[in-house]
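Here's the structure we're looking at; comments come further down.
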Amino acid sequence: MTTTTGADLARTARLFHALSDETRLEIVRMLARGERCVCDLTGELDAAQSRLSFHLKTLKAAGVVSDRRAGRWVYYSLVPEALEEISETALSLKPSPEAWSSQEGCCR
C-alpha cells in the first residue's frame, strides 16, 4: 500500500489547480500537438498577452509546461512527467468494483 505525504498532496493539488481553468486546459490541448511560440498561442486563443502570461505562469509554476527562449520569442511545451502524474493520480482515485458493491457501512 502506498502512503501519501502532505508534500504529495500539495503537489497533486497544484497540478489539478493548474488544469482547473478552461483557458489553461485549452493551452495544454494546443501544446499536446507540440511546442508553440507564445505569439502563436496568443493568436489562436484570441487572448491578450497579459492574460495568456498569467495562465502560462500558473502552468509553469505547477510544472505542467516548460519554456525556452530563442531570441525574443518564448516557446512552451508540455512536461510529459507531469501529465503522467496527473493521469496516475486520477486513476488511483477510481473506486474498485468491490467498493461499489459493498453494502456494509455505518449508515445501515
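The values are calculated or read from the model by the stated rules, or taken from the named source; none is laboratory data. Computed from a predicted structure; not experimentally measured. Neighbour counts run over all protein chains shown; Cβ positions are idealised from the backbone, glycine included.
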All positions within the stretch 66-82 that are closer than 22 Å to D40 by Cα and surrounded by 10 or more Cβ atoms within 10 Å (Cβ to Cβ): S66, D67, R68, W73, V74, Y75, Y76, S77, L78, V79
Pairs, first farther than 13 Å from R24 by Cα in the stretch 39-50, second at pLDDT 90 or above and assigned to a helix (DSSP H, G or I), C-beta under 6 Å, six or more apart: Q49/T42
Counted residues, the stretch 67-93 - those being free of Cβ contacts under 8 Å to residues at least 40 places away in the same chain and in contact with a strand residue (DSSP E or B) (Cβ under 6 Å, 6 or more places away or on another chain): 5
Selection within the stretch 1-47 - modelled with pLDDT of 90 or more, out of contact with any His (no Cβ under 9 Å at 6 or more places or on another chain) and not in a helix (DSSP H, G or I): L19, S20, A32, R33, G34, E35, R36, C37
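Matching residues to (1) modelled with pLDDT under 75; (2) under 14 Å from V28 (Cα atoms):
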{"site": "G71", "(1), (2)": "no, no"}
{"site": "Y75", "(1), (2)": "no, yes"}
{"site": "E84", "(1), (2)": "no, yes"}
{"site": "E88", "(1), (2)": "no, no"}
{"site": "A99", "(1), (2)": "yes, no"}
{"site": "E104", "(1), (2)": "yes, no"}
Single unsatisfied condition, K60 versus (1) under 22 Å from T89 (Cβ atoms); (2) over 16 Å from the mean Cα position of the chain (by Cα); (3) of a type outside the set (D, E): (2)
Candidate set from the stretch 24-52 (those that are within 16 Å of the chain's Cα centre (by Cα), surrounded by 15 or more Cβ atoms within 10 Å (Cβ to Cβ) and not basic (K, R)); member that is nearest to L93 (Cα to Cα): V28
